[in-house]
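Taking it in order: structure first as structure tokens, then the write-up.
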Amino acid sequence: MARKKNTTEPTADATDIVVAGPLTAETVNRIVWRACDTFRGVVEPANYKDYILTMLFIKYLTDARDERKAMYEAEYKGDAARVQRAMSKERFQLPPDSDFHYLRANAKSAKLGELIDGVLDRITDANRGKLDGVFREITFNSDKLGDTKERNTRLQHLVDDFSRPELDLRPSKIQGRDVIGDAYEFLIGRFAAEAGKSGGEFYTPKEVAQLLAMILAPKEGDTICDPCCGSGSLLLRTGKQVAGGNFALFGQEFNSHTWALCKMNMFLREADSARIERGDTIRSPRLVEGGNLMKFDVVIANPPFGVDKWGDEIASTDIYGRFTDGIPPKSRGEYAFIQHMVATLKENGGRAGIVVPLGVLFRGASEGVIRRAFIERNLVETVVALPSNLFYGVGIPAALLFLRKGRKDSDVFFVDASREFEEGKNQNKLSEAHLAKILATVKARKSVEKYAHLATIEEIKANDYNLNVPLYVDTFEEEAPVDLVAVKADIARIDGELTKVRAELSAALKELGL
């Protein structure tokens, strides 16, 4: 079955040319986008990623294994027994008939979907404790992909796409990049309009994630948690800030498919020890020890915007006491996640960085009560207003809210970074220069005219505990005064020129007899 070329493909068709040097994001995106053709009109665009990223995972494991094996073969001069012994001690194992080479060799099989599922089962069995349950809800042998013949044809195309020689996923080629996360970001961006809000709430653009991580500045030995961890990229990026690599990652994710992607991401990035739980963070927090919520040095999250039915029915009787400052409205759950994060901060210096919609900063009623309690408890440290249209599927402007327990001072630092960005066709971006400016300003914690302001608690109380950035950072630009004398002179000059032109036009018409 021939595939129709998709006219929205961002680049020309890939050619079978091995690209020298590191693998680029453009190469991965081109192949991933081409692979989407396999599923168009068969499954919902929001579900493409389950199949495409899982195949990308198998390809990565195969290429990484091949590179390690080649290294050992060179080191041990082809001694098969020593090579095998060294490979058996690697952090992940690929049993026989459980890699991408096997799938490529059997791409024309009448049971290709069943073979792929078998590969996933054997990879899971060989890596117990690391991949348990990850592929439970992902099956390539499904009627959703058509009848047996149609399904085999589609899956053969998928294997062919990932067989392209330029898709070299050896670690030496990808150089530590977040391949799964980057491909996920690309797919979410391409299909945000079709997937809607369900895409935007799971992925934080890398520049925003980088900014959060740099401002929070985790240290050696820190525990880092994301209670709405999505694909895990925000967690990984924050951990990367710890130069010595001595940190521990924790997360929880409600969506089972996204949880699976997070587990794959952790596995690929050698974060096998990360504890990633699956479940509803508000109704059923899983990061619990001895009946109490675990406490962390750093908590970071991009919780879903405007979620309703967030769990208000359990708030008044919450056994963890997360809602003592007030219960958020049923239709807006942002503060429920923020309160959960506050409850999981270590008492002496625990800090949180949270992506929030601007309404969190100024809305009244029960949200205003909670915000006032946070300010009076001296939890609010910094607020950074971001440009609009940075997030996939979410066009509204957002802010970064930084909280800290055990603060010594009581002022709040406000930064208005909303006006400085690189404008894109579908999505705006923050450049490296923008990030550097925001970070330097936050670290200095000094007022900057029309950009930042260090507000006292008295100022905030005078504004009725409203944290809306424009109340504190005046960005008003005065217009240049109008020189009325000069304007009058210009009008007189123009009138004179018009009189002259009219006279010349009248003379010309008279000569023509008109």
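Points to keep in mind about this one:
- Using the average count of surrounding beta-carbon atoms within 10 Å as a protection proxy, the listed peptides 299-312, 158-171 rank, highest first, as 299-312, 158-171.
- Footprinting exposure proxy for Met55, Met264, Met214 (fewest neighbouring C-beta atoms within 10 Å first): Met214, Met55, Met264
- The mean sequence separation of alpha-carbon pairs under 8 Å and at least six residues apart, normalised by the residue count of the chain, gives a relative contact order of 11 percent.
- Helix 112-126 axis versus longest C-alpha principal axis of the chain: approximately 80°, rounded to the nearest ten.
- Ranked Cys262, Cys228, Cys36, criterion: other C-beta atoms within 10 Å, fewest first: Cys36, Cys228, Cys262
- Calculated P(r) tail over 19 Å for region 306-387, as whole % of Cα pairs: 34
- Net charge dipole size for region 25-177 [Lys, Arg +1 and Asp, Glu -1 on Cβ; Debye, nearest 20]: 340
- Of every Cα-Cα pair in region 99-255, the percent that sits beyond 29 Å: 32
- Under the convention that each Lys and Arg Cβ holds +1 and each Asp and Glu Cβ holds -1, the size of the dipole of region 198-471 around its Cα centre is about 240 debye.
- When Lys425, Lys108, Lys49 are sorted by how many other C-beta atoms sit within 10 angstrom of their C-beta, beginning with the fewest, the order is Lys425, Lys108, Lys49.
- Only one of (1) 32.2; (2) 26.0; (3) 30.6 was calculated from the structure for Kirkwood radius over Cα pairs in Å, and its label is (2).
- Cut-off under 5 Å, modelled amide H: who pairs with Ala398 long-range: Leu386
- DSSP beta bridges fully contained in the chain are about 50 percent antiparallel.
- Whole-Hz ³J(HN,Hα) from phi, Karplus 6.51 cos²θ - 1.76 cosθ + 1.60, for region 415-420, glycine and proline x: 10, 9, 9, 6, 9, 10
- For region 275-318, the Rg and Dmax computed from alpha carbons only, in angstrom: 11.9, 32
- Degrees, to the nearest 10: 48-75 long Cα axis against longest axis of the chain: 60
- Adding -39500 (n - 2.57) for every DSSP H run of four residues or longer, then dividing by how many residues the chain holds, sets the calculated 222 nm ellipticity at -13000 deg cm²/dmol.
- Relative to the longest principal axis of the Cα atoms of the chain, helix 484-511 runs at roughly 90 degrees.
- Selection among Leu390, Val442, Leu430 by position relative to the dipole of region 383-445 gives Val442 as farthest towards the positive end (Cβ unit charges, Cα centre).
- Scanning residues 5 or more positions from Thr382 or on other chains, those with amide H under 5 Å from its amide H are Phe402, Phe413, with H placed 1.01 Å from N in the peptide plane.
- Under conditions of 25 °C and 0.890 mPa s, region 335-429 yields 171 µm² s⁻¹ as its translational diffusion coefficient, taking Rh as the Kirkwood radius over Cα pairs in the Stokes-Einstein equation.
- In sequence order, calculated HN-Hα J values of region 425-431 (Karplus, 6.51, -1.76, 1.60; Hz; x Gly/Pro): 5, 10, 7, 7, 9, 9, 7
- When the charge dipole of the chain is built from unit charges on Cβ atoms (+1 for Lys and Arg, -1 for Asp and Glu) and taken about the Cα centre, the candidate among Ile31, His101, Gly350 whose Cα reaches farthest toward its positive end is His101.
- Proportion of all alpha-carbon pairs of region 25-177 beyond 28 Å (%): 22
- With only the Cα atoms considered, region 115-197 has a convex hull volume of 157 Å³ per residue.
- Cβ-placed point charges (K, R +1; D, E -1), dipole of the chain about Cα centre in debye, nearest 20: 1080
- Under Karplus coefficients 6.51, -1.76 and 1.60, residue-wise ³J(HN,Hα) of region 438-452 in Hz, glycine/proline x: 4, 4, 4, 5, 5, 5, 5, 6, 10, 5, 10, 3, 6, 9, 8
- Under a 5 Å amide H cut-off, with hydrogens placed 1.01 Å from N, Gln252 pairs with Asp226, Cys228, Cys229, Glu277 among residues at least 5 apart or on other chains.
Values in this text are rule-based calculations from the coordinates and carry no lab data. As the structure is a prediction and not an experimental result, all values here were calculated from the model. Neighbour counts run over all protein chains shown; Cβ positions are idealised from the backbone, glycine included.
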